[in-house]
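In what follows, a structure is listed as structure tokens, so that the remarks can point back to it.
A short reminder: the numbers here are calculations on the coordinates, not readings from a lab. Since the structure is predicted, the reported quantities are computational estimates derived from the model, not experimental observations. When we count neighbours, we look across all protein chains shown, and the Cβ atoms used for this are built from the backbone with ideal geometry, even at glycine.
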Amino acid sequence: MAEPLPADIVSFLDSHVESIDQLEILRILGETPSRGWPVASLATEAQASLHNIAAHLAALRDRGLLSCEGTGADLVWRFAPATPELATIVLRVLQIYRERPVSMIKLVYARADDPLRAFANAFRLRKGG
């Protein structure tokens, strides 16, 4: 049986990552922190729809993990954790994702399929909204 994921990683995923698409966005941006990514390029890289990627980017930005610059078609997204602690935990998440992708994917999918979690998320208050 595989060793459980560290508690701080599970806690981070529980509070910051709702889907595999979001985990993939963090992976892509976290592996190229100096690069700005247009939404269309991220959608292609993550193999996800433009609509879904845009919603995930906004959610991750609202959680203090990403920044966006520009306007309209020139909008680009970057890895930009709001605090050094967030940066550290995200880099640990990405390291474990590289080492144990199946464990991470199973955890994210299991949480995404939790009906109580989905109900609670429907009522989550969003910053600026």
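Here are the numbers for the structure shown:
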{"quantity": "Qualifying residue in segment 2-9 (condition: surrounded by 15 or more Cβ atoms within 10 Å (Cβ to Cβ) and under 18 Å from residue 111 (Cα atoms))", "calculated": "yes"}
{"quantity": "2 or more residues over 12 Å from the mean Cα position of the chain (by Cα): qualifying helices (runs of 4 or more DSSP H) within segment 1-94", "calculated": "7-16, 39-46, 50-62"}
